Amino acid sequence: MNLDELKQKPLAMMTGEELAFIMDSTMAAWMTEYANNNQRRIYYGIEGIAQIFGCSVPTANRIKKSGVIDDAITQIDRQIVIDGALALELAKKAGTIKTRCNP
């Protein structure tokens, strides 16, 4: 079945199989997009680091100063932007930072 042709067909003229095909195709595309969006979580500031690692703000400050997650941090003027998934991955590779849970 061609998805573009089915989208042009009136709903009342569709069979159940055609409608199910459109719904499956749409849901598959939506789930792929949703999964891609959830893989990259962005956090801001020292509070964001504290959220990622489930720790206090002073501990988050020590983590930032340690340099372990530097590749996950982008700093523009005074704003710190952290890629959460990358920060957790870097910390796991280093093995020096223990996390309570993943975001």
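Annotation: aspartates and glutamates with alpha-carbon distance below 17 angstrom to residue 93 (same-chain offsets under eight excluded): 70, 71, 83. For the peptides 2-15, 46-59, the ranking by mean Cβ contacts within 10 Å, running from highest to lowest, is 46-59, 2-15. Once the mean of 1/r is taken over each pair of separate Cα atoms and inverted, the chain shows a Kirkwood hydrodynamic radius of 16.5 Å. The residue list 8, 43, 20 was ranked by how far each Cα lies along the charge dipole of the chain toward its positive end, using unit charges on Cβ atoms, and 43 comes out on top.
The numbers here are math on the coordinates, done by the rules we state, and not lab data. Here the structure is a predicted model, which means the values were calculated and not measured. Neighbour counts run over all protein chains shown; Cβ positions are idealised from the backbone, glycine included.
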